[in-house]
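Below is one structure, written out as structure tokens, with a few remarks after it.
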There are 2 protein chains.
Amino acid sequence: MKDKKVRHAVGIDFGGTSIKMGLVNERGEIKAKRKFNTSEAPSQEAWLDSVSKNIELMFKEVPSAEATFAGIGVGVPGFVDFDRGFVYNLTNVPGWTAVPLVQLLEKRFGKIARVDNDVNAMALGECTFGAGRAYQNAVFVTLGTGVGGGILLNNNLFRGAYSMAGEIGHVSIDMNGVKSPTGKGGLEQYIGNRQIVERAVRLMNEGRKSIIKEMAKEASDDITPKLIEQAARKGDALALEIFDYVADCLATVFASVTYLIQPQAFIVGGGVAQAGKFLFEPLQQHLKERLSPYFSEHIVVKTAELGNDAGMIGSATLVFME
Amino acid sequence: MKDKKVRHAVGIDFGGTSIKMGLVNERGEIKAKRKFNTSEAPSQEAWLDSVSKNIELMFKEVPSAEATFAGIGVGVPGFVDFDRGFVYNLTNVPGWTAVPLVQLLEKRFGKIARVDNDVNAMALGECTFGAGRAYQNAVFVTLGTGVGGGILLNNNLFRGAYSMAGEIGHVSIDMNGVKSPTGKGGLEQYIGNRQIVERAVRLMNEGRKSIIKEMAKEASDDITPKLIEQAARKGDALALEIFDYVADCLATVFASVTYLIQPQAFIVGGGVAQAGKFLFEPLQQHLKERLSPYFSEHIVVKTAELGNDAGMIGSATLVFME
């Protein structure tokens, strides 16, 4: 009976490969999950149909949630105007340019709808129900193919003047560094998944000894950050050095961000964050070296806690924030 | 008669050399000014006495202001807890450690008092009544011995979780760069006044031709950023190159700040900003190179407008914000 007053929202993690849907309550708990392939819904109409069908299936699973259904939140991989509920463009999903998604959802379901970029949604999830729940001001970073970020100020996502703030992966760590369409020396040009692997390969080609190569051969697999992490667990010096380097790049940006906006905490998620102590111990140490005591004593660095659920939970949270 | 409803506040720009006081109205206009030497008030008691005496003199000058006197704001050169109205320490003023300044002022004058660091006060002044008055989200930067900054979000100073945000001079432009107590590669290690001069001297010692040296000799003066600016006006290639370099360092940080918090505008003040087009033209150009189009098309860079009055006007504004 108690749950009757707890609202529910559907959080949709819109990925390039699959669409993950969660029926989430106001405590951040996922009560039901559904998933379909992005390719199965090639048009916006087909996507809305699939979403609708899966919402019905989740309500069948959790009938009590229907009466407290507050709305739908979506985290998308691309550029969004949050205030207008408008999708400019999705990076890896054809057919999603200039879509008034909030309008389409509200018309279809008669409930509140919200859309934000996927990293903002994850940041909101982690900072409301995950590793950042104790903090009002936190910066979330996710390490993957790219390096994404989201900023929470006063428990709210901070979107900047034109809805695109939080692009921590483009913060420069070297004014004369690697060129890209977003500038020179941007963080993700050094610690994106591909760049981490390229660094390992380059150092081995330069003659550095490491077990990474034979581990990849044994596993008949490419070298990946995961494999470098496994080598680090076995004490491989090169693998440890690579995580130390990744940590120092990250510490450079965390120090700059701290001097600039002084959050309470950094929450780090994504694949490379799975490396645990191999990443976080040097990260803490380098961050301390890079901050004056007054700044370093206050700052907290934590691993994200919600894993793959962060997007669904955070997208649902967009609805609860209203 | 109309002015009767317009409140007045006293804004105090507390410098290491002199204390500048302004009687400021809510429109940001200075109606009277006073000044005394910091060394003339060696104790807190003597400082309060001098402030009191000068407030009386300003009210004699503008008698109508006394009835609308709202309070006193102070910008100090050092570390402050704004919320507690507490001065931790002033960098170049002995005897000002752990001072509950707001409490002392409120007890003495029976009016609202506020204290903030001097750069925050300048930022507030510029962004309320100066070059930033059209923007709700702006970043103020002052170029001098050090590089200071203040961030305005939603027309309010943003102080971060522990009252010390906005230290833009410590943002790193090179993770392996110049070491200092605040990290590695901090912006002010490259474009502080002394560092600019050292760069000019080093390049001339390395054999670069320039009129800077003989200009200094003729003027019987040290090489200063001002003198390098004068050489730039005469078309000196080295002087122009130095401003281009300063602009590129600044653009690196402005790009990082834009990716992170996406303000509407940067407002640049301080001595080096007087170089006008020699600084701002390359700054605009480098910033554009360092930002993707969506970010670069929105961002504005402007010269500060209030000059030496920014501190007084901004300190008074701290009172009006209440």
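The values are calculated or read from the model by the stated rules, or taken from the named source; none is laboratory data. All values derive from a computational prediction rather than experimental measurement. Methodologically, a virtual Cβ is constructed for each residue, glycine included, from the backbone with ideal geometry; neighbour enumeration extends over all protein chains shown.
For every residue, the table says whether it meets (1) surrounded by fewer than 17 Cβ atoms within 10 Å (Cβ to Cβ); (2) within 22 Å of residue A:164 (Cα to Cα).
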site: A:6; (1), (2): yes, no
site: A:25; (1), (2): no, no
site: A:36; (1), (2): yes, no
site: A:49; (1), (2): yes, no
site: A:65; (1), (2): no, no
site: A:71; (1), (2): no, no
site: A:75; (1), (2): no, yes
site: A:107; (1), (2): yes, no
> How many of the residues in the stretch A:59-84 are acidic (Asp, Glu) and either within 22 Å of the chain's Cα centre (by Cα) or part of a strand (DSSP E or B) (or both)?
Replying inline: 2
>> Considering only the stretch A:176-186, I want to know if a residue exists there that is touching a residue at least 40 places away in the same chain (Cβ under 8 Å), buried (at least 20 other Cβ atoms within 10 Å of the Cβ) and out of contact with any Asp or Glu (no Cβ under 7 Å at 6 or more places or on another chain).
In response: no
>> I need the full set of residues from the stretch B:259-285 which are touching a residue at least 40 places away in the same chain (Cβ under 8 Å), part of a helix (DSSP H, G or I) and within 13 Å of another protein chain (Cβ to nearest Cβ), in order please.
In response: B:261
> So is residue A:187 touching a strand residue (DSSP E or B) at 6+ places or on another chain (Cβ under 9 Å) and aliphatic (A, V, I, L, M) or not?
Replying inline: yes
> Tell me, which residue of the stretch B:1-45 that is assigned to a loop (DSSP other than H, G, I, E, B) and acidic (Asp, Glu) is nearest to the chain's Cα centre (by Cα)?
Replying inline: B:29
> Where in the stretch A:118-226 are there helices (runs of 4 or more DSSP H), lying fully within it, with 2 or more residues that are in contact with a Lys or Arg (Cβ under 9 Å, 6 or more places away or on another chain) and within 14 Å of another protein chain (Cβ to nearest Cβ)?
Replying inline: A:118-129, A:188-191
> Does at least one position in the stretch B:228-239 carry a residue that is of a type in the set (Val, Ile, Thr) and surrounded by fewer than 23 Cβ atoms within 10 Å (Cβ to Cβ)?
Replying inline: no
>> What are the pairs with Cβ atoms under 6 angstrom where one residue, in the stretch A:19-43, is under 14 Å from residue A:93 (Cβ atoms) and the other, located anywhere, is surrounded by 15 or more Cβ atoms within 10 Å (Cβ to Cβ) and basic (Lys, Arg)? Sequence gap at least six, or different chains.
In response: none
>> I'd like to verify a number: residues in the stretch B:298-322 that are among the acidic types (Asp, Glu), part of a loop (DSSP other than H, G, I, E, B) and at pLDDT 95 or above, how many?
In response: 1
> Of all residues in the stretch B:240-266, which are among the hydroxyl-bearing types (Ser, Thr, Tyr) and surrounded by 24 or more Cβ atoms within 10 Å (Cβ to Cβ)?
Replying inline: B:252, B:256, B:258, B:259
